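The values are calculated or read from the model by the stated rules, or taken from the named source; none is laboratory data. Computed from a predicted model, the values in this text were never measured in an experiment. As a convention, Cβ positions derive from the backbone with ideal geometry for all residues, glycine included, and neighbour counts pool all protein chains shown.
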Amino acid sequence: MRIRALALAVAAGLGTLTAPVTTTAPAAPSGQAEPYLVGRGIADATGEVAEVGMMGYGRFDQRAEGLHNRLRARSFVIADRATGERVLLVVVDSPMIFTSVRQAVLRQLAERYGNLYTERNVLITGTHTHAGPGGYSHHLLYNLTTIGFHRKTFDAITEGIVESAMRAHADAAPASLTLTHGELTGASANRSREAFERNPAADRDFFPDAIDPQTSLLRIERDGRAVGAINWFATHNTSMSGDNRLISADNKGYAAYHWEHDVEGVDYRTSDPGFVAAFAQTNAGDMSPNLDLTPPSTPEDFARTRDIGRRQYDAAAAQVNARGTRLDGGVDSRLVNVDLSEVEVRPEFTGDGRHHRTCDPAVGAAMAAGSTEDGPAFPLFAEGQNPLWDTVSGSVLYTASPELRQCQAPKGIVVPIGAMNAAYPWVAERVPVQLVRVGTLYLLGVPGEVTIAAGLRLRRTVAEVVGADIRDVLVAGYSNGYIHYVTTPEEYDAQQYEGGSTLFGRWQLPALQQTAAELASALRDGRALAPGSAPADLSGRQLSLQPGVVLDSPQPGRRFGDVLAQPAPRYARGEQVSVTFAGAHPGNDLHRGGTYLEVQRRQGSSWHTVADDGDWSTTFRWTRDGVAASKVTIGWTVPADAEGVYRVRYHGDAKGLLGRVTAFTGTSNQFTVAG
């Protein structure tokens, strides 16, 4: 009640920023050259959409049953034309970016481009949708709900990232970059207010509403016209609930789709990007899109997802016509690999005048409880104090390791997962931390979920070293790896969900601040920095326990692609079209770069595709029908401007007795949409 009442009071005054959008940027000063080469690329990075555990909520029962819209990788190559130094920024509609994915991407880029793109200058970040497929980590903890490693999903994500990077590389052309900042106060709420309030006044006063309202936009301009943009804003990508079973890019995916498809008319079926809009994360660890601090009430809350996404788009697009800061040169990057289980943190970062050490990773009781504002996890655990479990963990389970208990205090340890790493890799301990500079913009790539106060301290650390405006220093969370949460020591002591999920103990954030200062100093001084030992390649140690598709067969008396339930003869705008087909398992072919469905409109004697499974107006639902048969139901919400004669097509792939996969297509009856 305490958190809910506060959220309702705050939400009552929240609004969304709206403005008419034009893509003609303010004219550059006369004679100013375009100092960068910038390339943009989009590619499909959708993994399995059926019978695969979904990643984010940690629920064993959340297994995919279809597709809401395709997940995409968006890449941007930015090169300084004066020095030749470059960076590759990738934003992926993905729950997390694990080191497994990063390693595979870097290997494939090295095969194509040699030393042009390396661990130092490639930053890969996830939007943290909780409606994506899992099973693509090389660490066991994240593959538990997916019954092991899923090669098809892993390949789809890595190949999508590489393809988008290749397109961005080929697209590189002279461009200018402009950085702007705005405020958005209607798309996030602090889901851990009790922990936030423990921070000192210097942190709390910076965020008087306990949210980070800064929305930053890096716009790409060619010949005075915007051709792409990257937005950073802190809110969780959790508008779709843990009861949802459709793969979806969630609210940040909608923001990107709306700008690209609805506003700019991008056709994802072509390799020419036209316009690329990425909506990336920052320090969103305690920022929820659920403004009333309750999880979505329906499994697929499309309306709330669209609303929060639209607010992010509106705030970003309102900056397109702002003059901002025209960037000039200065592309650089540094990276170090840090073993967070054994960092000696110096007094200037601990704040108490003493040295401290980080801990072996451990899962807290509050982590097991889950974030109740976005969707709880395991019963019998709670955020904050867990007296029963604290007693058990203190007196029975960990008497053999008083050092761990003392180092992790006041965390009530549920799983000493660092000790388990000795037998099999459960979580990452050695991870990359990265700092990228583009003109006056600094991106600190952190492989975790950073709270706004923790992010502020990291931003201040970098800004003080390089002499930057703190608005121009952003935490790029969910980047290059995953270590769960990053909280301030004060927030850690509260042991809310975020503190219980801070694996390496109370001094984890100061350790990262120390690392950030090292990166910033090297970048400022133009000094090379040894990256240290890279995280181990665990690709040869993966367990895949879920069996693949054995056999598909149609319903008795039916053929693959037959229509089991035809559409109605007529629909009005806004109504839902539904067609059910005799289908096959979608895992036989992921159709990456293609589609499982098409909505087509008749034009004369031919048919023109007006929507596919990458659109927000369609749904693709798969259900098993008996032992080997499948039903596929395709939905389409008729747009407000639709009129004419339409049909729905389904593209499936069936596996026979000998393992051969055969493609087939089903087509519905025609139906009419009247104005």
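Tabulated data for the structure shown
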{"quantity": "Residues satisfying the stated conditions in the range 567-584, i.e. more than 22 Å from Arg624 (Cβ to Cβ) and either among the hydroxyl-bearing types (Ser, Thr, Tyr) or outside the structural domain of Asp625 (by TED's automatic domain parsing) (or both)", "calculated": "Tyr571"}
{"quantity": "Phe302 vs. criteria aromatic (Phe, Trp, Tyr), closer than 26 Å to Phe60 by Cα and in contact (Cβ under 8 Å) with a residue 60 or more places away in the chain", "calculated": "yes"}
{"quantity": "Check on Ala131, closer than 29 Å to Gly587 by Cβ, not assigned by TED's automatic domain parsing to the domain that holds Asn588 and not β-branched (Val, Ile, Thr)", "calculated": "yes"}
{"quantity": "In the range 45-66, residue surrounded by the most Cβ atoms within 10 Å (Cβ to Cβ) [restricted to those that are at pLDDT 95 or above and small (Gly, Ala, Ser)]", "calculated": "Ala45"}
{"quantity": "Exclusive hit being over 30 Å from Arg621 (Cα atoms), out of contact with any Gly (no Cβ under 7 Å at 6 or more places or on another chain), touching a residue at least 60 places away in the same chain (Cβ under 8 Å) and surrounded by fewer than 23 Cβ atoms within 10 Å (Cβ to Cβ), set Arg527, Arg541", "calculated": "Arg541"}
{"quantity": "Unmet criterion (only one of (1) of a type in the set (A, V, I, L, M, F, W, C); (2) surrounded by fewer than 22 Cβ atoms within 10 Å (Cβ to Cβ); (3) touching a Leu at 6+ places or on another chain (Cβ under 7 Å)) for Ala170", "calculated": "(3)"}
{"quantity": "Members of the range 322-350 found to be more than 30 Å from Asp537 (Cβ to Cβ) and among the charged types (D, E, K, R), listed by number", "calculated": "Arg323, Arg326, Asp328, Arg346, Glu348"}
{"quantity": "Scope the range 222-278; condition over 30 Å from Gly53 (Cα atoms), of a type in the set (Asp, Glu) and at pLDDT 95 or above; matching residues", "calculated": "Asp262, Glu264"}
{"quantity": "Residue count for the range 110-127, restricted to those that are of a type outside the set (Lys, Arg) and in contact with a Ser or Thr (Cβ under 8 Å, 6 or more places away or on another chain)", "calculated": "7"}
{"quantity": "Selection count, the range 469-514, where residues are on the phi > 0 side of the Ramachandran plot and not in a loop (DSSP other than H, G, I, E, B)", "calculated": "1"}
{"quantity": "Set Tyr117, Tyr142: member being in contact (Cβ under 8 Å) with a residue 40 or more places away in the chain and assigned to a loop (DSSP other than H, G, I, E, B)", "calculated": "Tyr117"}
{"quantity": "Residue list for the range 567-598, filter: touching a strand residue (DSSP E or B) at 6+ places or on another chain (Cβ under 6 Å), hydrophobic (A, V, I, L, M, F, W, C) and closer than 19 Å to Leu71 by Cα", "calculated": "Leu597"}
{"quantity": "Checklist (1) among the hydroxyl-bearing types (Ser, Thr, Tyr); (2) free of Cβ contacts under 8 Å to residues at least 60 places away in the same chain; (3) part of a strand (DSSP E or B) applied to Thr125, failing item", "calculated": "(2)"}
{"quantity": "Strands (runs of 3 or more DSSP E) completely within the range 593-651 that count 2 or more residues being under 34 Å from the mean Cα position of the chain (by Cα), aliphatic (A, V, I, L, M) and crowded, with 22+ Cβ neighbours inside 10 Å", "calculated": "597-603, 629-637"}
{"quantity": "Qualifying residue in the range 34-44 (condition: over 25 Å from Ala611 (Cα atoms), over 26 Å from the mean Cα position of the chain (by Cα), at pLDDT below 95 and not β-branched (Val, Ile, Thr))", "calculated": "yes"}
{"quantity": "Residues (under 20 Å from His261 (Cβ atoms) and of a type outside the set (Asp, Glu)) located in the range 577-602", "calculated": "Val577, His591, Arg592, Gly593, Gly594, Thr595, Tyr596, Leu597, Val599, Gln600, Arg601"}
{"quantity": "Test: Pro425 is touching a strand residue (DSSP E or B) at 6+ places or on another chain (Cβ under 9 Å), over 22 Å from Thr180 (Cα atoms) and in contact (Cβ under 8 Å) with a residue 24 or more places away in the chain", "calculated": "no"}
{"quantity": "Subset of the range 184-240 [assigned to a loop (DSSP other than H, G, I, E, B) and among the aromatic types (Phe, Trp, Tyr)]", "calculated": "Phe206, Phe207, Phe233"}
{"quantity": "Residue in the range 528-545 that is assigned to a strand (DSSP E or B), under 33 Å from the mean Cα position of the chain (by Cα) and of a type outside the set (A, V, I, L, M, F, W, C) present", "calculated": "yes"}
{"quantity": "Which listed residue, of Ile247, Ile230, is within 22 Å of His181 (Cβ to Cβ) and touching a residue at least 60 places away in the same chain (Cβ under 8 Å)", "calculated": "Ile230"}
